[in-house]
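What follows is a set of notes on a single structure, which appears directly below.
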Amino acid sequence: MPQPSADALAKGARALEEANPDEALRLYMDSCGMLEEEGKEHMAFETYRAAMSLYLKRNRQLDAATVLLRWGLAADKSKAVHSQCKAYLSAIIVYLYANDFKQAEQCYNDCSQIDAFMNNEHGSCAFDLLRAYREGDSVGIKHIVKSSSVIPHLDHTIVRLAKQLPTGEVMALASSVSDLNVADDDFT
């Protein structure tokens, strides 16, 4: 009887969001965990969304990205390819918003092993964003976000973050990325 229990936890979490957000987050994640254990991940999508949104409100971007990756895995198990691709692109956007290019790139590399993501507009959008970051092209980043056909269809909290990209010093990032590439090739 995990579904009614999971629903009760999610309902309690919603009630606690303002008064005790940390407890609300714990309840949201417990609710997701219950449904995952029972193989009913598809019933947790709204709870993943609520937890992700609350993490972002609390400026806990890395936790939000973790929830998005967990949501993507749940969507994969549920054969919900579109939701899976949206979750993975959203996680990459959250990492970029948090100025964690290395983690965004690692996330992309992991997701690129999944055919559904790579053969999809979401994967192409992520590739384009990361390329623009590597090149230090802040105008290109803004253009990709503005002209994307998939970003507007992500959760509204992610769309808001995407519209603020780039958040850090992109040229410095591009320089550090190229320094890493030189270091990788330098065997002396």
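Where a number appears in this text, it was derived from the coordinates with a stated rule and is not lab data. Predicted model only: the values in this text are computed from it and were never measured. Please note: Cβ atoms are built from the backbone with ideal geometry, for glycine as well, and neighbour counts cover all protein chains shown.
Of the residues Ala126, Ala116, Ala91, the single one that is hydrophobic (A, V, I, L, M, F, W, C), over 26 Å from Asn59 (Cα atoms) and assigned to a helix (DSSP H, G or I) is Ala116. Determine whether the range 47-69 contains at least one residue that is in contact with an Asp or Glu (Cβ under 8 Å, 6 or more places away or on another chain), surrounded by fewer than 18 Cβ atoms within 10 Å (Cβ to Cβ), closer than 21 Å to Thr157 by Cα and not charged (D, E, K, R). Yes, because at least one residue in the range 47-69 is in contact with an Asp or Glu (Cβ under 8 Å, 6 or more places away or on another chain), surrounded by fewer than 18 Cβ atoms within 10 Å (Cβ to Cβ), closer than 21 Å to Thr157 by Cα and not charged (D, E, K, R).
Among the residues of the range 127-150, those identified as buried (at least 17 other Cβ atoms within 10 Å of the Cβ) and without any contact (Cβ under 8 Å) to a residue 40 or more places away in the chain are Asp128, Leu129, Leu130, Ala132, Gly136, Asp137, Ser138, Gly140, Ile141, Ile144, Val145, Ser148. When you look at Ser53, is it polar (S, T, N, Q) and touching a Leu at 6+ places or on another chain (Cβ under 8 Å), yes or no? It is false that Ser53 is polar (S, T, N, Q) and touching a Leu at 6+ places or on another chain (Cβ under 8 Å).
Can you tell me which residue in the range 72-88 is surrounded by the most Cβ atoms within 10 Å (Cβ to Cβ), limited to those that are of a type in the set (A, V, I, L, M) and either part of a helix (DSSP H, G or I) or under 10 Å from the mean Cα position of the chain (by Cα) (or both)? The extreme case among them is Ala87.
For beta carbons closer than 6 Å, sequence separation of 6+ or different chains, a first residue in the range 5-21 that is free of Cβ contacts under 8 Å to residues at least 24 places away in the same chain and a second that is part of a helix (DSSP H, G or I) and surrounded by 16 or more Cβ atoms within 10 Å (Cβ to Cβ), the qualifying pairs are Gly12/Leu27; Leu16/Ala24.
Applying the selection to the range 41-71, what residues are among the charged types (D, E, K, R) and part of a helix (DSSP H, G or I)? Of everything in the range 41-71, those that are among the charged types (D, E, K, R) and part of a helix (DSSP H, G or I) turn out to be Glu41, Glu46, Arg49, Lys57, Asp63, Arg70. The residues of the range 94-113 that are in a helix (DSSP H, G or I) and over 19 Å from Arg160 (Cα atoms), listed by number, are Lys102, Gln103, Glu105, Gln106, Cys107, Tyr108, Asn109, Asp110, Cys111.
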